[in-house]
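Following: one structure in structure tokens, then a few remarks.
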Amino acid sequence: MWIIAGPCLVLALLSAWWTAGSVGGNGLWPSDEVTLSEAVATRNNAEAVRLIDGGANPNQPSPVRDGLLTNGYGVTVKPIEAAVGVQRADSLRMLLANGAAVDQEELRVLRCLEEARHDSGVRELLAAQSTAAVDCNGLRSPLERVR
């Protein structure tokens, strides 16, 4: 009996140690701390939904590390801006379904950002919010470096 139970017990203990890293950061697999905007920027909708379910605000700007949306600097953007920045209509839909709010000024920002990125799926979703022509003159992109 111990011949069979012994290896099973060892595997159970190793499994508990392995997964402790994803919960407390002390196991073999380190935890990956990402913001909601970073989860969207890395196209990880499952992590984004998990963060929202855990209390992350889909309307709150959060930092995104260099290399995910921009090269050479990090930015702080709303998750919905990250979705448009990485041209992900699926992420945009997920955020809208999970409480992301888009007022007229935010819609202007998103439509101007989409014009610079050109994604037909994102364009269709944004056009459904407003079909009026958008004026991007003088509008700073959320992905521009703040000096």
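Each value in this text was obtained by applying a stated rule to the coordinates, not by laboratory testing. For clarity, every value in this text was computed on a predicted model and none was experimentally measured. Note that each Cβ is placed from the backbone with ideal geometry, even for glycine, and that neighbours are counted across all protein chains shown.
Looking at the square roots a ≥ b ≥ c of the eigenvalues of the Cα gyration tensor of the stretch 41-96, which shape do they give, rounded for a/c under 1.5, prolate if a/b is larger than b/c, or oblate?
On the way: a/c = 1.90, a/b = 1.43, b/c = 1.32.
Prolate.
Across the stretch 48-136, the mean sequence separation of Cα contacts (distance under 8 Å, 6 or more residues apart), normalised by length, yields a relative contact order of 24 percent.
What ranking do ASP135, ASP119 get, fewest neighbouring Cβ atoms within 10 angstrom at the top? Write down the numbers at each step before the final one.
Values: ASP135 10, ASP119 19.
Ascending Cβ contact count within 10 Å gives the list ASP135, ASP119.
Taking amide hydrogens as placed 1.01 Å from N in the peptide plane, the amide H of GLY74 sits under 5 Å from those of ASP66, each at least 5 positions away in sequence or on another chain. For the stretch 44-57, putting each phi into the Karplus relation 6.51 cos²θ - 1.76 cosθ + 1.60 with θ = phi - 60° gives couplings of 9, 4, 4, 5, 4, 5, 4, 5, 5, 4, x, x, 5, 8 Hz, in residue order, rounded to whole numbers and with x for Gly and Pro. Could you list log10 I(q)/I(0) for the stretch 33-129 at q = 0.23, 0.25 Å⁻¹, which the Debye formula gives when each Cα is one point scatterer? With one equal scatterer per Cα and no solvent, log10 I(q)/I(0) is -1.21, -1.41.
For the stretch 100-120, backbone nitrogen atoms closer than 18 Å to the point 7 Å from LEU139 Cα along Cα-to-C-beta are found at 101-120.
Within the shell defined by Cβ-Cβ distances under 13 Å, the residues around ALA132 carry a net charge of +1, with Lys and Arg each +1 and Asp and Glu each -1. Scalar couplings 3J(HN,Hα) for the stretch 71-80, obtained by applying the Karplus form with A = 6.51, B = -1.76, C = 1.60 to θ = phi - 60°, are 10, x, 6, x, 9, 10, 9, 6, x, 5 Hz; x denotes Gly and Pro. Using the average count of surrounding beta-carbon atoms within 10 Å as a protection proxy, the listed peptides 55-64, 96-105 rank, highest first, as 55-64, 96-105.
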